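Enquirer: Take a look at this one; I'll ask things after.
The values are calculated or read from the model by the stated rules, or taken from the named source; none is laboratory data. None of the values given here were measured: they were computed from a predicted structure. For neighbour counting, all protein chains shown are included, and Cβ atoms are generated from backbone atoms with ideal geometry for every residue, glycine included.
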Amino acid sequence: MSILLYFKSLLVKILNKLFGRTRVFILILGWFLLITGIWMLLQPEKAKKSLAGQGFSIFKSYLLLMALFAGTALLSLSTKLSGIPSFLVLIIGLFLLVRAYFLLKKRAENKIINWIEKVPVKYFKVYAAFQTIVGALILLLHRRIWY
């Protein structure tokens, strides 16, 4: 029996060490979810635009990572060559890479905005209500969970 108490005590110490300092962040997250959920319920059209921007920023970061990967591959290719062909491959490749990045970014922005515009407002209201409920539950239950 004492071994079980020891493991329970050890588990509590480990969990407290890992999550004990996160109480303030849980509280901030709860207030953030509650306030933004209420804001989305009051102004669903602005929330629609905001969510479209967030979706685009995620895609933009993936696109930037792909461009950086392609740029490093281009740089690696240009170092394998020597002389003028190396310089031409690097300059033309960088120009095409930057042009493709901005072209794809613009197309993706238009597609995401068009897709979000087709989604009815009632779905955003349901999402906002769910977010408000989760934020309120976090605020109500954070003492029970973490103390």
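Enquirer: Would you mind finding the one in Pro120, Pro44, Pro85 that is touching a Phe, Trp or Tyr at 6+ places or on another chain (Cβ under 6 Å) and not acidic (Asp, Glu)?
Expert: Answer to the check: Pro44.
Enquirer: Another question about this same structure. Do we have any residue at all in region 107-130 that's of a type outside the set (Val, Ile, Thr), touching a Ser or Thr at 6+ places or on another chain (Cβ under 9 Å) and in contact (Cβ under 8 Å) with a residue 24 or more places away in the chain?
Expert: yes
Enquirer: Looking only at region 54-67, which residues are at pLDDT below 80, of a type in the set (Gly, Ala, Ser) and surrounded by 15 or more Cβ atoms within 10 Å (Cβ to Cβ)?
Expert: The answer is Gly55, and nothing else.
Enquirer: Suppose we filter region 78-95 for residues that are surrounded by fewer than 13 Cβ atoms within 10 Å (Cβ to Cβ) and hydrophobic (A, V, I, L, M, F, W, C); how many remain?
Expert: Within region 78-95, residues that are surrounded by fewer than 13 Cβ atoms within 10 Å (Cβ to Cβ) and hydrophobic (A, V, I, L, M, F, W, C) number 6.
Enquirer: Go through region 54-97 residue by residue and tally those that are touching a residue at least 12 places away in the same chain (Cβ under 8 Å) and of a type outside the set (Gly, Ala, Ser).
Expert: Step one: filter region 54-97 for residues touching a residue at least 12 places away in the same chain (Cβ under 8 Å), giving 55-56, 59-60, 63-64, 67, 70-71, 74-75, 77-78, 89-90, 93-94, 97.
Going one step further and asking which of them are of a type outside the set (Gly, Ala, Ser), we end up with 56, 59-60, 63-64, 74-75, 77, 89-90, 94, 97.
Result for region 54-97: 12.
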